[in-house]
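A short write-up of the structure that comes next.
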Amino acid sequence: MLHQQLVEALGAEAVKTAPEDLSVYAFDAYSSGTLPSAVVLPETTRDVARIVRIARACEEPLIARGAGTGLCGGAIPARGGVVVSFARMHRVLDLDLSRRRAHVQPGLVNLDLSKAVSMHGLFYAPDPASQKTSTIGGNIATNAGGPHCLSYGTTVNHVCALEVVDASGEVFRTDVDDAGYDLTGVLVGSEGTLGIVTSAWVRLTRLPESVRVWLAAFGDIDSASAAVSAIIAAGIVPTALEMMDRVIVTAVEAAFCAGYPTDAGAVLLIEHAGYEDDMNTLEAAVAQIAREHGALSWRAARSASERDALWAGRKGAAGATGRISPNYYTQDVCVPRSALPAALRAVGDAAARHHLTVGNVFHAGDGNLHPLLMYDRRDPKQVAAVIETGNEILQTAVDLGGTVSGEHGIGYEKREAMTRVYSTDDLATMARVREVFDPARMLNPEKIFPSGVRCPELR
Ligand SMILES: Cc1cc2nc3c(=O)[nH]c(=O)nc-3n(C[C@H](O)[C@H](O)[C@H](O)COP(=O)(O)OP(=O)(O)OC[C@H]3O[C@@H](n4cnc5c(N)ncnc54)[C@H](O)[C@@H]3O)c2cc1C
């Protein structure tokens, strides 16, 4: 019945129900869930609206899907349902150069937007490390961050307006310039639980006149962390301020020969973009702060290719850990910047207690930690150790005044962890917001909310 109606509405080519096709959509970059009942590949907003109406009539949940690079189980079906893949809605629909805006479909790959507008001296600033693959729709749904979000802001700061299909199949539009409630802000980061984004108007940023990239090596994580705080305290907000520890630097050097010093306890990759006239003064100021905090070495990339090499190491860090273990699990937590040394010590202690190797590569400027726990998924003891260590790291972040996700989202993985930061009343209030958009809870069910949390009227 479901299959037949979907085929009638969209054509057989757009509907997948063969088990081998469905199995591909039971995964994201974090884990696997249940098989969907069907996968549909719409080409227009109207297609999406029809899919929603059909799924609703058949009482099937709907799960929107971009590239499936999510790291918290957000795009995988928790109890079957219809997966709406945006693989065929990947175009730039319009460019408004005078207002520096692009109107794009949700399946457009993040980096493809920057490539499409670079000839106009523009780029799309939010740059998750997955930007070669992840989509604008997925980035909007998770409010994705990235190395350069320290100064440019996360995805929410770059979304001007949205076209959305709601849970009943109606199409509506939000705009940040509208008076009244900021529904765009509510939808960004809602992980497909409030509506399905079918197009977005996003802000484009002017390419900077000058970009400098520096690498500072430190004896240990504490001194590198102190330098991070001192740079920001001096009123300097670099465009990126990333830290990598010895485990990561060693893996990255072996994989990419990026030019990182392997004898360092931690390195800072610092980027600043702006006017050329300001750069020498700024470089001297940052280098001085690094030296005052015990930097063992300081290196400035002098060409675009040197800059790219330094960044290639950072962006390929997760993949480089394949040299250490067959599998890794990425934890994603955020702490106040001043708590970085304590948080990193606790991460190291937790990993050591459970006999795991941990590597840290993260957005130090905004306190967003990404401990990578190395393990072998074929060994149940190591899997159990990873789960325990991950939970201890979550609690550490909360105890230090931080939170349970910096940028990857809550999805399925962290929904129970929401109780570590929110009271039952807080969660019930959030559930009320959800009831307004999706009273039947058909949009990406079992995500974000801990099991059992519903709006008070329904409890
Ligand atoms: C190597 C690697 C590096 C990463 N680095 C970063 C990083 O630096 N910063 C960061 O923030 N994340 C990072 N991530 C996580 C991931 O890439 C982001 O969460 C990304 O935004 C997901 O985009 P996607 O297109 O893959 O979405 P998916 O994984 O397909 O979906 C993610 C969520 O968005 C929802 N969704 C997708 N499309 C829509 C739509 N059109 N309407 C409504 N909901 C929708 C899904 O239902 C799901 O809940 C990384 C992941 C990997 C594997």
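Going by how many other Cβ atoms sit within 10 Å of their own, how do Trp298, Trp201 line up, fewest first?
Trp298, Trp201
Round to a whole angstrom and tell me the spacing of the C-alpha centers of segment 331-406 and segment 27-64.
Here the answer is 33 Å between Cα centres.
With everything on Cα atoms, drop me the angle between helix 380-399 and the longest principal axis of the chain, reported from 0 to 90° to the nearest 10.
With both axes taken from Cα atoms, the answer is about 80 degrees.
Going by alpha carbons, how many degrees (0 to 90, nearest 10) lie between the helix axis of 304-315 and the longest principal axis of the chain?
Roughly 60 degrees between the two axes.
On a 0 to 90° scale, report how tilted helix 276-292 is relative to the longest principal axis of the chain, with both axes built from alpha carbons and the result rounded to the nearest 10.
Orientation of helix 276-292: about 70 degrees from the principal axis.
Which three extents, in angstrom, do the Cα atoms of segment 301-459 have along their principal axes, listed largest first?
Extents along the principal axes: 59, 42, 31 Å.
So how strong a dipole does segment 291-407 carry about its Cα centre when Lys and Arg Cβ are +1 and Asp and Glu Cβ are -1, to the nearest 20 debye?
Dipole magnitude for segment 291-407 comes out near 440 debye.
Could you list the GluC sites (Glu not before Pro) in segment 103-204 that lie in coil according to DSSP, counting only those with at most 16 other Cβ atoms within 10 Å of their Cβ? Before the final figure, lay out each step's value.
Working: sites: Glu163, Glu170, Glu191; in loops: Glu170, Glu191.
Answer by residue number: Glu170.
Among Ile140, Ile289, which comes first, second and so on when ranked by fewest other beta-carbon atoms within 10 Å? Please list the in-between numbers first.
Values: Ile140 26, Ile289 21.
The order, fewest Cβ neighbours first, is Ile289, Ile140.
With a cut-off of at most 13 other beta carbons within 10 Å, and DSSP calling the residue loop, which trypsin sites (Lys or Arg not before Pro) in segment 255-330 qualify? Please list them.
Those satisfying the criteria are Arg302.
What percent does the relative contact order of segment 30-153 come to when contacts are Cα pairs within less than 8 Å and at least six residues apart?
Values: 211 pairs, mean separation 28.9, N = 124.
The value is 23 percent.
In Å and whole numbers, how far do the C-alpha atoms of the chain stretch along each principal axis, longest first?
67, 56, 42
Can you list the HN-Hα couplings for segment 255-265, worked out from phi with the Karplus curve (6.51, -1.76, 1.60; θ = phi - 60°), rounded to whole Hz and with x for Gly and Pro?
Karplus values, whole Hz, x for Gly and Pro: 7, 10, 6, 6, x, 8, x, 6, 8, 7, x.
Taking neighbour Cβ counts within 10 Å as the exposure measure, how do Leu344, Leu204, Leu22 sort from fewest upward?
Leu22, Leu204, Leu344
Would you mind checking the radius of gyration and Dmax of segment 325-399 based on alpha-carbon positions, in Å?
When restricted to the Cα atoms of segment 325-399, Rg and Dmax are 11.8, 38 Å.
When DSSP beta bridges are limited to those with both residues in the chain, what percentage is antiparallel, rounded to the nearest 5?
Around 90 percent of the beta bridges assigned by DSSP in the chain are antiparallel ones.
Send over the per residue convex hull volume for segment 201-333, Cα only, as a whole number of Å³.
142
What is the P(r) of segment 45-146, as percent of Cα-Cα pairs per 5 Å bin from 0?
2, 12, 21, 21, 17, 12, 8, 4, 2, 0
Among Pro126, Ala295, Ala258, flag the residue with its Cα farthest along the positive direction of the charge dipole of the chain, charges on Cβ as +1 for Lys/Arg and -1 for Asp/Glu.
Value: Ala258.
Can you run phi through the Karplus equation (6.51, -1.76, 1.60; θ = phi - 60°) for segment 27-43 and list ³J(HN,Hα) in whole Hz, with x for Gly and Pro?
With coefficients 6.51, -1.76 and 1.60, one gets 10, 10, 6, 9, 6, 10, x, 8, 5, x, 6, 7, 10, 10, 10, x, 10 Hz.
Give the distance, in whole Å, between the Cα centre of segment 132-150 and the Cα centre of segment 194-246.
15
How many nm is it between the label spots at Val7 and Arg88, if each spot is 7 Å from the Cα in line with the beta carbon?
1.5
With N residues in segment 2-85, what two-decimal value do you get for its Cα radius of gyration over 2.2 N^0.38 Å? Let's see the in-between values first.
On the way: Rg = 11.9 Å, N = 84, 2.2 N^0.38 = 11.8 Å.
Compared with the compact-globule rule of thumb, segment 2-85 sits at 1.00.
Any read-out appearing in this document is the output of simple, stated calculations on the displayed coordinates, not a laboratory observation. Please read these numbers as outputs of a predicted model, since none were measured by experiment. We place every Cβ from the backbone using ideal geometry, glycine too, and count neighbours over all the protein chains shown.
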